[in-house]
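Engineer: Pasting in a structure now, in structure tokens, and then I'll have a few things to ask.
The numbers here are math on the coordinates, done by the rules we state, and not lab data. The model shown is predicted, which means the values in this text are computed figures rather than measured ones. Every residue, glycine among them, receives a Cβ derived from its backbone with ideal geometry; neighbour counts consider all protein chains shown.
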Amino acid sequence: MSISFYILSALMLAGGLGAVMLRNAVHCALSLSVAFTGLALLFLQLDAQFAGLAQILVYVGAVAILVVFAILLTRTSEEIGESNVFSRTWLIGLILAAAVFAVLGWAVLRTAPMFPQPSAAPPVTVQEIGSALMGRYVLPLEIVALLLTAALIGAVIVATHEKEGAK
Amino acid sequence: MMQTLDRIFILLRDWLVHFLPSAWRAPAGTVLSVIAIIGLFPALFALTTVLERKGLGRMQNRLGPNRTGPLGILQPVADGIKALTKEDVVPFRADAIVHFLAPLLLVVVVFMGFAVLPMGRNMVLVDMDAGLLFFFAMGASTELSIFMAGWSSRNKYSLLGAMRAVAQMISYEIVLLLSSVAVVMTAGSLSLTKIVEAQNTYSFGLPHWYIFTPWGLLAFAMYAIAAMAETNRTPFDLPEGESELVAGYFTEYSGFKFALFFLGEYLGMFSISGLGTTLFLGGWSAPFSFLGWVPSWIWFFSKVMLSICVFIWLRGTLPRLRQDQLMNFAWKFVLPITLFNLLVTAIWRFLGPGWPRWFVCTALVVGIYVVMGETGMRRGKFGPRSYRYAE
């Protein structure tokens, strides 16, 4: 619980709050990228170099771009602007969010004594990740690859407009 | 004496830091190295703008800038004064915060890419175990800043240019990463210092640079193509082509912000050339073993400037690719070759050292190039161009 953890958490919370409370949709997407970067920095602070850098590469470099493209291409230019950020059913939303947080907190706190002290955790190198992926977790890896390929093909098929008549 | 010259910057930094109390020495050393990088690469950028304009001018049968100083050498000074004194025009309906942050983000992210390049023996700012991944993570963040620049200007040309640029950069980033994976497979590490040290061995006086291997040559060619596309250089500069899109995603930027974008683009060129040098051309190692007495940083910067000269040469020579040609080229030609190159690298590694692997891998490399050239260059029918859009 060092000072950098608090700073990074504040950054992430600011990014997340901005993502839900800003009025302009593209501003929300950019604020979400700040939250992603904060998460990547938290990974780096925990010495998980591969996870942190892959987080930046994948989330900020691809997912954030995808989100802004989706916002851009599905709205006309006049609609991008103000929208009401507080919904009318905010009380139910608050109760649900509190319930989810309670479940997650209970799960984390219950399993916390099982893990050793932070100083005893071995540093995970990229080589160990690679060996684990190719050794113990090779079946989940292949299944995820198949799933991603299916999603890609499905997205192209769903999005492409089939023209009847002339090509 | 040559050992001292090789380590002269390290010795200089240690001597300057020596005046401080010992608790402050390590941070102060890092700060000094950062200042050196921030000072050196913009100076090289200034030199490169003159080189480029004179070089392009001579290739286009005209003189380049020749009024400011002898042979136009003081042109960057004139450009800098112009950029600093121009009025900073922000369009009325533009998104002011995002418009302001876009060039800032670009320059910050590009400077951070320099942190992991080994510029000489023991001369890397941060020796990360996953240094290559860090570099690519920083490269991926530049796409976001280009998109921010294009969108915040509320200008159709800017938005079109930004979207083209982002599509191009995402497509070629896959090629960039996969061609570097071949190097990582052979060197066995993501750390850039280890990759350079793996290439620093000599046999019969010739170096073991990865470009001199069949898979390395193919990977270097693909890396060079992807590097030109990542930095939006001709022949891939449709997003910023002057005759196509006014000025693409930096149409609405004037004065110092435009200078920052320009700086960011050229620094991106430097850093990607630096990475290409580290991965394929042996980083700071000398071309022949008897030239090992020359300081290592001289070799690194010579190779980077050579790559920059090749960039400028290609800019003056090749015509611009159209957007659909560019994307076709990436997905249908370069990417399959890069994937096949991974297979060739694996075969190279597992056949073990000796003569057979040279024959097999050279045959495979030439074969895939010929096959892809035949299938890719074949045109089905010359009818009116037809498009399929995604809704």
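Engineer: Hand me the chymotrypsin sites (Phe, Trp or Tyr not before Pro) from the stretch B:91-160 located in a DSSP loop with no more than 15 other Cβ atoms within 10 Å, in residue order please.
Structural biologist: The qualifying sites are B:F92.
Engineer: Counting Lys +1, Arg +1, Asp -1, Glu -1, what net charge surrounds B:G113 among other residues with beta carbon under 14 Å of its beta carbon?
Structural biologist: With Lys, Arg at +1 and Asp, Glu at -1, the net is -4.
Engineer: When the expected Rg is taken as 2.2 N^0.38 Å, what fraction or multiple of it is the alpha-carbon Rg of chain B? It would help to have the intermediate numbers written out before the result.
Structural biologist: Numbers: Rg = 22.3 Å, N = 391, 2.2 N^0.38 = 21.3 Å.
Cα Rg divided by the expected 2.2 N^0.38 Å: 1.05.
Engineer: I want to verify a result. In a Gaussian network model of chain B, Cα cutoff 10 Å, which of these has the top mean-square fluctuation: B:G188, B:G276, B:G120?
Structural biologist: The residue that fluctuates most here is B:G188.
Engineer: Out of B:E252, B:E87, B:E173, any idea which swings most in a Gaussian network model of chain B, alpha carbons joined below 10 Å?
Structural biologist: Fluctuation is largest for B:E87.
Engineer: State which entries of B:K82/B:K156; B:K194/B:K257; B:K156/B:K303; B:K86/B:K156 exceed 32 angstrom in Cα-Cα distance in the structure shown.
Structural biologist: B:K194/B:K257; B:K156/B:K303, as the Cα separations exceed 32 Å there.
Engineer: Ranked by Cβ crowding within 10 angstrom, fewest neighbours first, how are B:H18, B:H208 ordered?
Structural biologist: Ranked by crowding around the Cβ, least crowded first: B:H18, B:H208.
Engineer: Can you give the net charge of the other residues whose Cβ lies under 14 Å from the Cβ of B:T278, counting K and R as +1 and D and E as -1?
Structural biologist: With Lys, Arg at +1 and Asp, Glu at -1, the net is +1.
Engineer: Sorted from fewest to most neighbouring beta carbons within 10 Å, what does the list B:R58, A:R136, B:R349 look like?
Structural biologist: A:R136, B:R58, B:R349
Engineer: Across peptide B:158-164, how many C-beta atoms of other chains are within 10 Å of each residue C-beta, on average?
Structural biologist: Taking the mean over all residues of the peptide, I get 1.
Engineer: How much length is gained on full extension from B:V89 to B:L5, taking 0.36 nm per residue of separation minus their Cα-Cα distance?
Structural biologist: 25.5 nm
Engineer: Tell me, how many Å apart are the Cα centres for the stretch B:1-51 and for the stretch A:41-60?
Structural biologist: Each part's Cα centre sits 28 Å from the other's.
Engineer: Could you tell me whether the stretch B:53-196 comes out rounded, prolate or oblate from its Cα gyration tensor? Rule is a ≥ b ≥ c as square roots of the eigenvalues, rounded for a/c under 1.5, then prolate if a/b exceeds b/c, otherwise oblate. Could you put the intermediate results ahead of the total?
Structural biologist: Numbers: a/c = 1.96, a/b = 1.30, b/c = 1.51.
It is oblate, given that a/c is not under 1.5 and a/b is not larger than b/c.
Engineer: Ok, one more. Would you mind getting me the FRET efficiency between B:I347 and B:E374? Use the beta-carbon distance for r and R0 = 25 Å, nearest 0.05.
Structural biologist: 0.65
Engineer: Rounded, prolate or oblate: pick one for the protein assembly as shown, where a ≥ b ≥ c are the square roots of the eigenvalues of its C-alpha gyration tensor, a/c under 1.5 means rounded, and failing that, prolate if a/b is larger than b/c, else oblate.
Structural biologist: Values: a/c = 1.21, a/b = 1.13, b/c = 1.07.
Cα axes put the protein assembly as shown in the rounded bin.
Engineer: Give me the extension gain from B:S289 to B:L32: residue separation times 0.36 nm, minus the current Cα-Cα distance, reported in nm with one decimal.
Structural biologist: Between B:S289 and B:L32, full extension yields an extra 89.3 nm.
Engineer: Which of B:S22, B:S33, B:S285 ends up with the largest GNM mean-square fluctuation for chain B, with Cα atoms connected below 10 Å?
Structural biologist: Between B:S22, B:S33, B:S285, it is B:S22 that shows the largest mean-square fluctuation.
Engineer: Given the rule -39500 (n - 2.57) for each run of at least 4 DSSP H residues, summed and divided by the residues of chain B, what is its mean residue ellipticity at 222 nm, to the nearest 500 deg cm²/dmol?
Structural biologist: -22000 deg cm²/dmol
Engineer: Which of B:C361, A:C28, B:C309 has the fewest other C-beta atoms within 10 Å, and how do the rest follow up to the most?
Structural biologist: Working: B:C361 22, A:C28 19, B:C309 15.
Fewest to most other Cβ atoms nearby, the residues stand as B:C309, A:C28, B:C361.
Engineer: Right, another one. Could I have the simple spin-label model distance between A:S2 and A:W106, label points 7 Å from Cα toward Cβ, reported in nm to one decimal?
Structural biologist: 3.5
Engineer: Separate question: Would the stretch B:245-335 count as rounded, prolate or oblate if I go by the C-alpha gyration tensor, calling it rounded below 1.5 in a/c and otherwise prolate when a/b exceeds b/c, oblate otherwise?
Structural biologist: oblate
Engineer: Something else about it: Give the calculated FRET efficiency between A:I129 and B:L314 to the nearest 0.05, with a Förster radius of 35 Å applied to their Cβ-Cβ distance.
Structural biologist: The pair A:I129/B:L314 has a calculated efficiency of 0.40.
Engineer: For B:Y202 paired with A:T74, estimate the spin-label separation in nm (one decimal), with each label point 7 Å from Cα along the Cα-to-Cβ line.
Structural biologist: Inter-label distance under the simple model: 6.1 nm.
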